[in-house]
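What follows is a single structure, written as C-alpha coordinates, with notes after it.
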Amino acid sequence: MKISIYLASSVNGMISNKKGIPDWLSQEYGDGFMKICRHTKAVIMGKKTYDILVPDYLPLKSNSEGTMIVLTHGVSTNPPQPNVIFTDKNPQDIVNMLEERGHSEALLLAER
Ligand SMILES: NC(=O)c1ccc[n+]([C@@H]2O[C@H](COP(=O)([O-])OP(=O)(O)OC[C@H]3O[C@@H](n4cnc5c(N)ncnc54)[C@H](OP(=O)(O)O)[C@@H]3O)[C@@H](O)[C@H]2O)c1
(Lines give C-alpha, C1' and ligand atoms only; values in the text may rest on other atoms or scores of the structure.)
Protein backbone atom coordinates (compact mmCIF):
# COMPACT_ATOMS: atom_id res chain seq x y z
CA MET A 1 0.00 0.00 0.00
CA LYS A 2 1.44 3.34 -1.07
CA ILE A 3 0.28 6.12 1.28
CA SER A 4 0.85 9.78 0.37
CA ILE A 5 0.13 12.97 2.27
CA TYR A 6 -1.61 15.97 0.70
CA LEU A 7 -0.90 18.95 2.88
CA ALA A 8 -1.08 22.72 2.42
CA SER A 9 1.47 24.65 4.45
CA SER A 10 2.09 28.36 4.86
CA VAL A 11 5.65 29.56 4.33
CA ASN A 12 6.08 29.68 8.11
CA GLY A 13 5.03 26.04 8.46
CA MET A 14 1.39 26.42 9.58
CA ILE A 15 -1.28 24.02 8.30
CA SER A 16 -4.33 25.72 9.86
CA ASN A 17 -5.34 28.98 11.52
CA LYS A 18 -6.75 29.84 14.93
CA LYS A 19 -10.29 29.53 13.57
CA GLY A 20 -9.52 25.96 12.46
CA ILE A 21 -11.14 26.57 9.09
CA PRO A 22 -9.40 26.46 5.70
CA ASP A 23 -10.40 29.99 4.59
CA TRP A 24 -6.73 30.77 3.79
CA LEU A 25 -6.38 28.10 1.11
CA SER A 26 -6.31 28.94 -2.58
CA GLN A 27 -8.57 27.73 -5.36
CA GLU A 28 -5.51 25.92 -6.74
CA TYR A 29 -5.21 23.96 -3.47
CA GLY A 30 -8.89 23.02 -3.65
CA ASP A 31 -8.67 21.97 -7.28
CA GLY A 32 -5.52 19.91 -6.57
CA PHE A 33 -7.18 18.33 -3.54
CA MET A 34 -10.18 17.16 -5.56
CA LYS A 35 -7.98 15.94 -8.40
CA ILE A 36 -5.57 13.89 -6.28
CA CYS A 37 -8.41 12.36 -4.21
CA ARG A 38 -10.21 11.26 -7.36
CA HIS A 39 -6.97 9.85 -8.75
CA THR A 40 -5.95 8.01 -5.56
CA LYS A 41 -9.53 6.85 -4.78
CA ALA A 42 -8.85 6.19 -1.08
CA VAL A 43 -8.63 9.01 1.46
CA ILE A 44 -7.89 8.84 5.19
CA MET A 45 -8.74 11.77 7.44
CA GLY A 46 -9.56 12.70 11.03
CA LYS A 47 -13.10 13.51 12.14
CA LYS A 48 -12.43 17.24 12.47
CA THR A 49 -11.20 17.44 8.89
CA TYR A 50 -14.22 15.38 7.76
CA ASP A 51 -16.57 17.75 9.60
CA ILE A 52 -15.05 20.66 7.65
CA LEU A 53 -15.55 18.89 4.30
CA VAL A 54 -18.99 17.32 4.81
CA PRO A 55 -21.31 17.49 2.94
CA ASP A 56 -20.40 19.69 -0.04
CA TYR A 57 -16.63 19.17 -0.23
CA LEU A 58 -16.31 15.43 0.31
CA PRO A 59 -14.17 14.53 -2.70
CA LEU A 60 -15.50 11.03 -3.42
CA LYS A 61 -19.24 10.84 -3.94
CA SER A 62 -19.86 7.09 -4.18
CA ASN A 63 -18.28 3.64 -3.88
CA SER A 64 -17.38 3.76 -7.57
CA GLU A 65 -15.37 6.93 -6.96
CA GLY A 66 -13.57 5.48 -3.92
CA THR A 67 -13.41 5.12 -0.16
CA MET A 68 -13.10 7.74 2.58
CA ILE A 69 -11.80 6.49 5.92
CA VAL A 70 -12.65 8.79 8.84
CA LEU A 71 -10.84 8.26 12.15
CA THR A 72 -13.23 8.73 15.06
CA HIS A 73 -14.17 7.11 18.33
CA GLY A 74 -17.80 7.64 17.28
CA VAL A 75 -17.96 4.43 15.27
CA SER A 76 -21.62 3.78 16.09
CA THR A 77 -22.71 6.81 14.05
CA ASN A 78 -24.13 5.93 10.65
CA PRO A 79 -22.14 7.55 7.82
CA PRO A 80 -24.14 9.67 5.35
CA GLN A 81 -23.00 7.69 2.31
CA PRO A 82 -21.75 4.10 1.85
CA ASN A 83 -18.20 5.04 0.85
CA VAL A 84 -17.58 6.84 4.18
CA ILE A 85 -16.24 4.51 6.89
CA PHE A 86 -16.02 5.72 10.49
CA THR A 87 -13.32 3.72 12.27
CA ASP A 88 -11.09 3.60 15.32
CA LYS A 89 -8.95 0.77 13.93
CA ASN A 90 -5.15 0.88 13.99
CA PRO A 91 -3.13 1.81 10.86
CA GLN A 92 -2.42 -1.79 9.81
CA ASP A 93 -6.10 -2.74 10.07
CA ILE A 94 -7.02 0.33 8.03
CA VAL A 95 -4.53 -0.68 5.33
CA ASN A 96 -5.98 -4.21 5.35
CA MET A 97 -9.52 -2.82 5.06
CA LEU A 98 -8.55 -0.65 2.09
CA GLU A 99 -6.76 -3.52 0.36
CA GLU A 100 -9.85 -5.71 0.82
CA ARG A 101 -11.79 -2.97 -1.00
CA GLY A 102 -9.29 -3.15 -3.88
CA HIS A 103 -7.12 -0.14 -3.08
CA SER A 104 -3.34 -0.16 -3.54
CA GLU A 105 -2.76 3.49 -2.62
CA ALA A 106 -4.28 6.01 -0.25
CA LEU A 107 -4.08 9.68 0.54
CA LEU A 108 -3.63 10.91 4.10
CA LEU A 109 -5.05 14.37 4.83
CA ALA A 110 -2.88 16.28 7.29
CA GLU A 111 -2.72 13.64 10.02
CA ARG A 112 -0.33 14.48 12.82
N1 LIG B 1 -3.34 22.26 5.59
C2 LIG B 1 -3.96 21.18 5.17
O3 LIG B 1 -3.66 20.64 4.11
C4 LIG B 1 -5.06 20.62 6.01
C5 LIG B 1 -5.74 19.47 5.58
C6 LIG B 1 -6.73 18.94 6.40
C7 LIG B 1 -7.02 19.55 7.61
N8 LIG B 1 -6.36 20.67 7.97
C9 LIG B 1 -6.67 21.34 9.22
O10 LIG B 1 -6.41 20.47 10.29
C11 LIG B 1 -7.32 20.76 11.36
C12 LIG B 1 -7.95 19.44 11.79
O13 LIG B 1 -6.92 18.60 12.21
P14 LIG B 1 -6.92 17.99 13.70
O15 LIG B 1 -5.63 17.26 13.80
O16 LIG B 1 -7.32 19.07 14.66
O17 LIG B 1 -8.16 17.04 13.61
P18 LIG B 1 -8.40 15.71 12.75
O19 LIG B 1 -7.16 14.87 12.69
O20 LIG B 1 -9.06 16.06 11.45
O21 LIG B 1 -9.51 15.01 13.66
C22 LIG B 1 -9.22 14.68 15.01
C23 LIG B 1 -10.27 13.67 15.40
O24 LIG B 1 -10.03 12.45 14.69
C25 LIG B 1 -10.36 11.36 15.52
N26 LIG B 1 -9.17 10.53 15.70
C27 LIG B 1 -7.87 10.89 15.50
N28 LIG B 1 -7.06 9.85 15.72
C29 LIG B 1 -7.87 8.81 16.05
C30 LIG B 1 -7.62 7.45 16.39
N31 LIG B 1 -6.37 6.94 16.44
N32 LIG B 1 -8.68 6.67 16.68
C33 LIG B 1 -9.95 7.14 16.64
N34 LIG B 1 -10.24 8.43 16.30
C35 LIG B 1 -9.21 9.23 16.04
C36 LIG B 1 -10.92 11.92 16.81
O37 LIG B 1 -12.29 12.09 16.55
P38 LIG B 1 -13.45 11.87 17.65
O39 LIG B 1 -13.33 13.07 18.55
O40 LIG B 1 -14.70 11.89 16.81
O41 LIG B 1 -13.17 10.58 18.32
C42 LIG B 1 -10.24 13.28 16.88
O43 LIG B 1 -10.95 14.22 17.67
C44 LIG B 1 -8.33 21.75 10.84
O45 LIG B 1 -8.02 23.02 11.34
C46 LIG B 1 -8.13 21.71 9.33
O47 LIG B 1 -8.38 22.96 8.73
C48 LIG B 1 -5.37 21.20 7.20
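The values are calculated or read from the model by the stated rules, or taken from the named source; none is laboratory data. Quick caveat: nothing in here was measured; it's all calculated off a predicted structure. Heads up, the Cβs are rebuilt from the backbone with ideal geometry, glycines too, and the neighbour counts pull from every protein chain shown.
For the list (1) of a type outside the set (Ser, Thr, Tyr); (2) surrounded by 10 or more Cβ atoms within 10 Å (Cβ to Cβ); (3) over 13 Å from the mean Cα position of the chain (by Cα); (4) at pLDDT 95 or above, I need the number of the one condition that Asp31 fails. Every listed condition holds for Asp31 apart from (4). Pairing each residue of region 4-22 that is over 10 Å from Ala110 (Cβ atoms) with any residue that is of a type in the set (A, V, I, L, M) and more than 7 Å from the ligand (Cβ to nearest atom), provided the two are 6+ apart or on different chains, yields C-beta distances under 6 Å for Ser4/Leu107.
Out of the residues in region 78-92 that are touching a strand residue (DSSP E or B) at 6+ places or on another chain (Cβ under 8 Å) and of a type outside the set (S, T, N, Q), state the one that is nearest to the ligand (Cβ to nearest atom). Only one residue fits best here, namely Asp88.
The residue pairs whose first member lies in region 77-103 and is more than 15 Å from Asp51 (Cα to Cα) and of a type in the set (Ser, Thr, Tyr), whose second member is surrounded by fewer than 15 Cβ atoms within 10 Å (Cβ to Cβ) and modelled with pLDDT of 95 or more, and whose beta carbons are closer than 6 Å, counting only pairs six or more residues apart or on different chains, do not exist in this structure. Is one or more of the residues making up region 35-51 crowded, with 16+ Cβ neighbours inside 10 Å, under 14 Å from the mean Cα position of the chain (by Cα), closer than 19 Å to Met97 by Cα and among the polar types (S, T, N, Q)? Yes, region 35-51 has at least one match. Screening Val95, Val75 for residues that are within 9 Å of the ligand (Cβ to nearest atom) and either surrounded by 11 or more Cβ atoms within 10 Å (Cβ to Cβ) or in a helix (DSSP H, G or I) (or both) leaves exactly one candidate, Val75.
For Ser16, state whether it is surrounded by 13 or more Cβ atoms within 10 Å (Cβ to Cβ), at pLDDT below 95 and either among the polar types (S, T, N, Q) or more than 14 Å from the ligand (Cβ to nearest atom) (or both). Here the answer is yes, as Ser16 does meet what is asked. Has region 56-68 got any residue that is under 17 Å from Glu105 (Cβ atoms) and near the ligand (Cβ under 8 Å from one of its atoms)? No: zero hits.
Against the definition (at pLDDT 95 or above, in a loop (DSSP other than H, G, I, E, B) and either over 13 Å from the mean Cα position of the chain (by Cα) or of a type in the set (S, T, N, Q) (or both)), how does Ser62 come out, yes or no? Let's see the steps before the verdict.
Details: at pLDDT 95 or above: yes; in a loop (DSSP other than H, G, I, E, B): yes; either over 13 Å from the mean Cα position of the chain (by Cα) or of a type in the set (S, T, N, Q) (or both): yes.
Against the criterion (at pLDDT 95 or above, in a loop (DSSP other than H, G, I, E, B) and either over 13 Å from the mean Cα position of the chain (by Cα) or of a type in the set (S, T, N, Q) (or both)), Ser62 qualifies.
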